[in-house]
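Structure first, then comments.
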Amino acid sequence: MDTLLEFLRKYSYWFLFIVLEICSLILLFRFNSYQGSVWFSAANDMAAEVNGIYTEASSFVQLRDVNKQLTEQNLRLQMQLSSLRDALDKTMKPETTNDRLVMDSLKGYELIPARVVSNSIVKNENYIVIDKGEADGVKTEMGVVGGGGVVGIVFLTAAHHALVLPTINVKSNISCRIRHQRYFGYLRWEGGSTLYAYLNDIPRYAKIKEGEYIETSGYSAVFPPGIFVGKVKSIANAPDGLSLQLKVNLGTDFGNLSDVAVIVNQNQPEIESLKLKLTDFEATDN
Amino acid sequence: MVGTFLKRFILMTVLLALQVLVFNHVEVMNYATPMVCVYFILLFPIGTSHWQILLWAFAMGLLQDIFSNTPGMNAASLTLIGFLQPWILKTFSRKDHDDNDEALALPPSARTMKWAPFIRYVLTAVVLQQVCFYVLEAFSFFNLQEMGINIGGGTLMSVLIIVAIEGVRNSGAKKQRG
């Protein structure tokens with residue numbers, strides 16, 4: 001510290017010299033128009049140069065942020081593009097007769113439209129996830145239909161999503177009948193191709209032809225009667241030899257499933273409460 | 001102390017008057033204008049504090065600027081000379097003197113330094129001052145030839161006049177002693 005003070009004291013005249021020179025130059029530039037203008041333009045050039053360098057440097061430093069913004073924007077635009085493309089597909093796709101028939105058969109029922117967000121077709125126990133859940137009114141045991149007919153039954157629900165047990169799951173078991181006839185049976189899928197399932201328990205004496213329509217029977221609370229399921233592909237004897245087994249060409253293309261609807265059955269709570277009462281009754285009876 | 005100050009003040013006033021009233025109007029061939037104010041700064045003896053020289057030099061330059069309508073130019077150039085004067089003087093002063101020689105404490109003059117070193121001393125300082133002044137005046141190196149002529153002519157005239165004044169003072173001092 002002392003050395004520093006000593007140094008400053010010894011060379012203080014340097015500061016005086018600089019101060020006096022600065023005063024002189026200020027006088028020079030202030031009171032001489034020529035020197036003043038030269039100084040002004042030179043200073044301007046200098047300032048412009050420094051500003052230019054600063055701007056370049058700061059824009060280089062900001063590249064990371066700009067990059068991030070562009071990535072976000074790109075993502076947003078891609079999402080927008082994909083949703084627009086979907087909307088376009090939806091409007092461009094002509095409604096098939098089958099679609100119209102299925103929708104006609106569902107007239108009078110409350111439907112909750114939903115989108116498939118996850119789908120599997122290659123396993124024996126396939127599941128579908130849709131983007132509607134309890135918050136939208138979806139409950140377990142509700143039927144799910146698509147443009148091609150029956151899709152499956154709601155198995156589990158979360159707040160905004162639901163797990164659907166589709167026809168092409170070996171656990172699936174849907175009561176079906178043959179259109180314009182009273183014979184009914186249970187539709188089961190035995191793995192393999194997703195295009196075919198089997199309708200069992202049809203009496204041997206039933207007169208059935210290939211190409212006849214299979215529809216829901218309405219014997220459960222899940223589906224209302226008369227919803228298209230598929231067409232009879234071939235007729236064979238059941239392994240037990242007591243009934244017929246119909247190979248059914250399913251109306252729903254599970255490999256290409258996007259828009260479905262959940263059927264809200266108004267009577268379901270009533271039926272459920274009856275069932276509950278029955279269980280209670282049996283419990284007290286025992 | 002007060003005596004020294006008064007002497008310096010009188011010398012400054014006289015030189016300033018000469019410069020402003022006479023030499024500023026001397027323009028040999030439109031170029032060479034003598035500047036004698038630098039002589040005032042050259043008379044500070046070795047050992048004078050830098051502060052003192054700088055302040056005197058600045059004041060001298062400022063006054064000359066005020067009377068010659070050249071704001072800043074003389075102040076800047078004379079302050080520079082005031083800053084460099086101690087080193088220039090050391091370079092040209094006689095090396096055979098002892099440090100405690102009384103001649104060192106006297107103002108530098110042809111008598112104490114001998115004529116040849118004194119002229120070299122004056123020449124160096126005047127060249128520096130002229131270069132500084134004309135660079136500030138032109139404020140560009142666009143017309144180097146004209147600037148060179150200005151500096152050369154101004155230096156020649158200034159040195160001649162300063163040597164003449166020194167001669168007059170020298171003879172006056174001799175007479176006083178004689």
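Bear in mind that the values in this text are calculations on the coordinates, not laboratory data. Remember, it's a predicted structure, so these values are computed and weren't measured experimentally. Here Cβ is always computed from backbone atoms with ideal geometry, including for glycine, and neighbour counts include all displayed protein chains.
Quick notes on this one:
- Taken over the Cα atoms of the range B:55-95, the convex hull encloses 62 Å³ per residue.
- Remark: mean inter-chain Cβ contacts per residue of B:50-63 equal 3, using a 10 Å Cβ-Cβ cutoff to other protein chain atoms.
- Hydrophobic, long helices, defined as DSSP H runs whose alpha-carbon span along the helix axis is 30 Å or greater and whose mean Kyte-Doolittle value is at least -0.5, occur in chain B at B:115-138, B:144-177.
- Peptide A:28-39 - average C-beta neighbours from other chains (10 Å radius): 4
- Debye log10 I(q)/I(0) at q = 0.26, 0.31, 0.33 Å⁻¹ for the range A:238-286, Cα point scatterers: -0.94, -1.15, -1.19
- Residues whose amide H lies under 5 Å from that of A:Met142, counting only those 5 or more places away or on a different chain, are A:Val154; hydrogens are built 1.01 Å from N in the peptide plane.
- Neighbour counts of other Cβ atoms within 10 Å put B:Trp87, B:Trp56, B:Trp51 in the fewest-to-most order B:Trp87, B:Trp51, B:Trp56.
- Two-decimal Rg to Rh for the protein assembly as shown - Kirkwood Rh, Cα set: 1.70
- Mean separation of Cα contacts under 8 Å (6+ apart) over length of the range B:2-177, as relative contact order %: 27 percent
- In chain A, excluding the sites themselves, the longest stretch lacking any of the trypsin sites (Lys or Arg not before Pro) that are in a DSSP loop with at most 16 other Cβ atoms within 10 Å is A:1-106.
- Choice from A:Ile227, A:Ile22, A:Ile271 with maximal GNM fluctuation in chain A (Cα, 10 Å cutoff): A:Ile22
- Between A:Leu84, A:Leu195, A:Leu156, the GNM of chain A built on Cα springs shorter than 10 angstrom shows A:Leu84 fluctuating the most.
- Using the rule -39500 (n - 2.57) for each DSSP H run of four or more residues, divided by the residues of chain B, the 222 nm mean residue ellipticity is -23500 deg cm²/dmol.
- Result for chain A in a Gaussian network model with C-alpha springs under 10 Å: among A:Ala236, A:Ala221, A:Ala48, the largest mean-square fluctuation is at A:Ala48.
- Once C-alpha pairs closer than 8 Å and six or more residues apart are averaged by separation and normalised to the residue number of chain A, the relative contact order reads 15 percent.
- Global form of chain B, assessed from the alpha-carbon gyration tensor, a/c cut-off 1.5: prolate
- Listed by chain and number, the aspartates and glutamates whose alpha-carbon sits under 20 Å from that of A:Lys132, ignoring those within fewer than 8 places in the same chain, are A:Asp86, A:Glu110, A:Glu141, A:Asp259.
- Rounded, prolate or oblate (a/c below 1.5 giving rounded, otherwise prolate when a/b exceeds b/c) for the range A:109-198 by Cα gyration tensor: oblate
- Chain A: DSSP helices with Cα axial extent of at least 20 Å and average Kyte-Doolittle hydropathy no lower than -0.5: A:12-31, A:33-61
- Shape of the range A:180-285, Cα gyration tensor, a/c cut at 1.5: oblate
- Here A:Glu210, A:Glu282 are placed in order of increasing Cβ neighbour count within 10 Å, fewest first, which gives A:Glu282, A:Glu210.
- Residues listed by number, the range A:141-156, amide nitrogen under 14 Å from A:Glu110 label point at 7 Å toward C-beta: A:142-143
- Built amide H within the under 5 Å cut-off of A:Gly147, gap 5+: none
- Projected onto its three principal axes, the C-alpha set of the range A:2-61 covers 46, 39, 8 Å, listed from the longest axis down.
- Evaluated with a Cβ-only charge set (Lys, Arg +1; Asp, Glu -1), chain A carries a dipole of roughly 920 debye about its Cα centre, given to the nearest 20.
- Each of A:Asp2, B:Asp65 was scored by other Cβ atoms within 10 Å of its Cβ. Arranged with the fewest first, they read A:Asp2, B:Asp65.
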